[in-house]
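Heads up: the structure comes next, in structure tokens.
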Number of protein chains: 2
Amino acid sequence: METTLRDLHEMSLRSRKAFYDLSAASLNARNQALLALARVLEERYEAIQAANREDLRAAEQDHLAAPLMHRLVFDRKKLNQVADGLRALAALPDPLGKTTYAMEITEGLSVYRVVCPIGVIGVIFESRPDALIQIASLCIKSGNAVLLKGGREAIRTNRILCDCVRLALEEAGLPFDSAQLLESREDVASMLKEDALIDLIIPRGSRQFVRYIMDNSRIPVLGHSDGICHVYIDEFAEPALAVKVALDSKVQNVSVCNAAETILVHEKIAPAVLPPLCDALKKAGVEIRGDEAVRKIVPCVPAQAEDWETEYLDYIVSVKTVASLAEAVEHINAYGSHHTDCICTASEKNAAVFMQRVDSAGVYWNVSTRFADGFVYGFGAEVGIATGKIHARGPMGLEGLTTYKYKLIGSGQTMAEMKSGERAYTHNPLSDTCPL
Amino acid sequence: METTLRDLHEMSLRSRKAFYDLSAASLNARNQALLALARVLEERYEAIQAANREDLRAAEQDHLAAPLMHRLVFDRKKLNQVADGLRALAALPDPLGKTTYAMEITEGLSVYRVVCPIGVIGVIFESRPDALIQIASLCIKSGNAVLLKGGREAIRTNRILCDCVRLALEEAGLPFDSAQLLESREDVASMLKEDALIDLIIPRGSRQFVRYIMDNSRIPVLGHSDGICHVYIDEFAEPALAVKVALDSKVQNVSVCNAAETILVHEKIAPAVLPPLCDALKKAGVEIRGDEAVRKIVPCVPAQAEDWETEYLDYIVSVKTVASLAEAVEHINAYGSHHTDCICTASEKNAAVFMQRVDSAGVYWNVSTRFADGFVYGFGAEVGIATGKIHARGPMGLEGLTTYKYKLIGSGQTMAEMKSGERAYTHNPLSDTCPL
């Protein structure tokens, strides 16, 4: 299985050219490409399955771990899910073209801020081949050209899936270079140098990987590096509800970024909450690492300093008592990853303080941290979850793939006229949308 | 004049702590700080003037160029402008707290997206001391803590101005460490390492300087590196209007980023437009560098390849003929800096194509590029102009200094219930604002 070194500069130039055409395409053409893709995938299912079987065989020979093998599968069930997703995406409203600001500057001159695509986006994703279709389709719908780099293990499947995307683009009269596939780490390294042609990199991967990208490129990076999520059980929590929420946050799926890693318990409620909580956690197979106060109430492993900053992604949880809401907030802001944190309480006042002061993309009151997801929030689909604060924060849907431009429509106005007082600023807010 | 090396890690920690309090402050407290600042500046005017005189004396000894000397002055007129600006800013609506998305996820569980401040922002600005007040006040109004680094020449003035800001913050009951002053290049280099504590860097400076920042920090950077703005005179342009707009774009102020550097002229209208245009430019003292076709119509200096990618910031302009609207768009996208570009035309169709396809923060129809400014657009004030596409684009006002968080308000919902089908997604859009 060979990968060939690509000329990333040449590919980036083609992406950029494709973007200029794609950005001017109608909503109908973009939707047609998505519907055509659903059809092409079904038509070419046998070829896709053959490629996927080869990937699976190679992965078996490489002794890939079972969960990774599972993610690599692209079978009829995945195909149906992907096709359904494409049709749902085609039915969503246009993320582009909306006027979000309109103001008359002076007589005969107005400014409009209009939503538009970002440009060329590089996305590096994990071994699931269905992620390729999901990401490419979100980019097409939002008018962005995309350079795709998937997991090495899925390369044969990804090649044929990317071909399907390009075929569908062409069928809809859109430039097929709007989607191009990268194949190697060297390709990624070369891509990072194309800051004049690529507008954004979205790396989905480990913290180290995201840092590597940030350290080696001037291109802006959106992504999340860690998911150290907390559930804080306040002194005014309803114990049964708190146990239910904390348990679900930890065990519903331990290997995802929005699973809880640390549970904080107010010392006043600890004697009432810790026994049933730890009982439920242990029954679910979770190892509990507690601070001294916790260990006085329930027997468990002593927590070490590094436990508070560890993303286990496993059946392990750290548990700590705090003397106040303020201490809980301080702990979360200091050790958390600004992803998603929850307070369980019956006090609206304490919930308001927590939600105001915790500096995270998601601040939850009485609900499991597992709800941090673009589909759950109602975005239709997501391209990733951002833990930075710039541009997009939290689950990133179509809106996260857009920017805007200011369109000024005038009739010969000059700054000299404004400065001389010959013309005056009116700054009259407008309610209409940009006429072009 | 000594500067002392600061412990930037310690300062960043104090900024972060200040941010947590400031972000929870009421609009009234933030506005009180702005009004107090206007008063404090007036009360301490003599001391400010004394410090400014020292800066000016030192600058004179260092033979600072006249335009830089001029920008360094902080006199009674500047004080009045600054105080007026502070009162106007206090009168603007709250940039924080607005609900921008609201959806019921399932019965008893809703998600709200609420606008909030970004956090700790590092701003590096030029020698104008009034910029310090402008930037600090925008940060206070938007709930962000700021680390300020001004021009070396203004250090004495900046010190006393920053003291005034801190005094005003304290008077309003807000943490004075919300504004701190950096004094040296070493301070800046140390600040760039604090990516765990600082959320955003806004460098106002040369292209090389912005690149230096990007290459040496993981902290996101917003700023503009270049202003290569174009005026394209279309074949359907009204000649008198086109000359007026092109002239203002070039000469109204040559040393600013939104001044035009290149004028493109459709070859069909070149014989009619170039003579009056070049006449007007020459009368204004502008050197014209033309391509071959231009030189056949008007005598001028031959343009070299590098002219198309040069930001002159001077009384120089490059002029080129193009065979089509498409060629103009291609030239602008290839050589421009994605800042602000204008088409002069009487054809709505051509204007629409230009505004769709030119990939710039500002796309103008029949109006001078000099209008690219936050005050002009009606934002009240601006912290800078962004030529990137991520987060903010074009003039950045208060809105550019905000992000958002998702607040989920539930009653014990778990993902296990959703997956088992015990509960269903309702995805019911809500029209209310977040209750807390």
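For a quick check: with amide H placed at 1.01 Å from N, whose amide H comes under 5 Å from B:Gly290's, ignoring anything fewer than 5 positions away on the same chain?
Close amide H contacts, sequence-distant or interchain: B:Val301, B:Ala303, B:Val319.
In whole Å, how far is the Cα centre of region A:136-197 from that of region B:390-436?
30
So what's the gap between the Cα centers of region A:340-386 and region A:56-95, to the nearest angstrom?
28
Per residue, what volume in Å³ does the convex hull of the Cα atoms of region B:154-225 enclose?
It comes to 100 Å³ per residue, whole-number rounded.
Any idea how far apart A:Asp94 and B:Glu327 come out in nm if each label point goes 7 Å out from Cα toward Cβ?
3.1
If the cut-off is 14 Å between C-alpha atoms, which aspartates and glutamates fall inside it for A:Lys77, apart from same-chain ones fewer than 8 positions away?
Correct list for A:Lys77: A:Glu42, A:Glu46, A:Asp130.
What number, in nm² with one decimal, is the all-direction average of the projected area of the convex hull of the alpha-carbon atoms of region B:213-273?
Projected area, direction-averaged: 5.8 nm².
If I take all pairs of Cα atoms in the protein assembly as shown, what percentage of them are more than 37 Å from each other?
The share of Cα pairs beyond 37 Å in the protein assembly as shown comes to 49 percent.
Around A:Leu68, with a cut-off of 13 angstrom between Cβ atoms, what is the net charge of the other residues, counting Lys and Arg +1 and Asp and Glu -1?
-2
Could you name the lysines in cross-link range of A:Lys78, using Cα to Cα under 28 Å and dropping any fewer than eight places away on the same chain?
Straight-distance partners of A:Lys78: A:Lys141, A:Lys149, A:Lys250, B:Lys419.
For Cα pairs less than 8 Å apart in space and 6+ apart in sequence, what is the mean separation divided by the residue count of region B:229-376, i.e. the relative contact order in percent?
It rounds to 33 percent for region B:229-376.
Could you pull out which residues in region B:379-419 have an amide N less than 18 Å from a spot 7 Å beyond the Cα of B:Glu309, following the Cα-Cβ vector?
The answer is B:388.
If you average 1/r over all unlike Cα pairs in region A:48-183 and invert the result, what Kirkwood radius do you get in angstrom?
16.7
Averaged over all directions, how much area does the convex hull of the C-alpha atoms of region A:1-64 cover when projected, in nm²?
6.6
Take A:Asp75 and A:Glu107, extend 7 Å from each Cα along the Cα→Cβ direction, and tell me the distance between the two endpoints in nm.
7.4
Give me a single rounded figure for A:214-220: the average over its residues of other chain Cβ atoms within 10 Å of their Cβ.
The mean count of partner-chain Cβ atoms within 10 Å per residue comes to 4.
How compact is region A:330-419 by the rule of thumb for globular proteins, expressed as Cα Rg over 2.2 N^0.38 Å?
For region A:330-419, the normalised Cα radius of gyration comes out at 1.62.
When ranked by the protection proxy of mean other Cβ atoms within 10 Å per residue, highest first, what sequence do the peptides B:391-399, A:80-88, B:131-139, B:63-71 form?
Going from most to least packed, we get B:131-139, B:391-399, A:80-88, B:63-71.
Just to be sure I understand the model, the point goes 7 Å from the Cα along the line to the Cβ. What's the resulting A:Tyr212 to B:Ala346 distance in nm?
Here the modelled spin labels are 6.1 nm apart.
Using only Cα atoms, tell me the angle between helix A:155-171 and the longest principal axis of chain A; keep it within 0 to 90° and round to the nearest 10.
40
Since chains A and B are linked by a rotation, which residue in A has the beta carbon closest to its axis, and how far is it in Å?
Per the A/B rotation axis, the closest residue of A reads A:His391, 2.
Multiplying the sequence separation of A:Ala424 and A:Glu54 by 0.36 nm and subtracting their Cα-Cα distance, what value in nm do you get?
Gain on extension, A:Ala424 to A:Glu54, equals 126.2 nm.
What FRET efficiency comes out for A:Lys283 versus A:Phe375 if R0 is 30 angstrom and r is the Cβ-Cβ distance? Round to the nearest 0.05.
Here the calculated transfer efficiency is 0.55.
Summarise the partner chain shielding of A:358-365 as one whole number: the mean count of Cβ atoms from other chains within 10 Å of each residue's Cβ.
6
Per DSSP H run of at least 4 residues, take -39500 (n - 2.57); add these up for chain A, divide by its residues and hand me the 222 nm value, nearest 500 deg cm²/dmol.
Mean residue ellipticity at 222 nm (helix-derived): -13000 deg cm²/dmol.
By the scheme Lys and Arg +1, Asp and Glu -1, what is the net charge of all other residues having a beta-carbon under 15 Å from that of B:Arg57?
That works out to -3.
On full extension of the chain, what length is gained from B:Glu46 through B:Ala24, given 0.36 nm per residue of separation minus the C-alpha to C-alpha distance?
The B:Glu46-B:Ala24 span can extend by a further 4.5 nm.
With a sphere of radius 13 Å drawn around the Cβ of B:Val82, what net charge do the other residues whose Cβ falls strictly inside it have (Lys, Arg +1; Asp, Glu -1)?
The answer is +3.
How large is the convex hull of the C-alpha atoms of region A:249-370 per residue, in Å³?
In region A:249-370, the Cα convex hull volume per residue is 95 Å³.
Please compute the contact order of region B:1-88 in relative form: average sequence separation of alpha-carbon pairs under 8 Å and at least six residues apart, divided by the residue count, as a percent.
Contact order relative to length: 37 percent.
If you take the Cα Rg of chain B and divide it by 2.2 N^0.38 Å, with N the number of residues, what do you get?
1.13
Test of the criteria: in region B:184-285, which chymotrypsin sites (Phe, Trp or Tyr not before Pro) are in a DSSP loop and have at most 11 other Cβ atoms within 10 angstrom of their Cβ?
The qualifying sites: there are none.
Rule-based calculations on the coordinates, nothing more; no lab input. Worth saying up front: this structure is predicted, and the values here are computed from it rather than measured. Glycine gets a Cβ as well: all are built from the backbone with ideal geometry, and neighbour counts include every protein chain shown.
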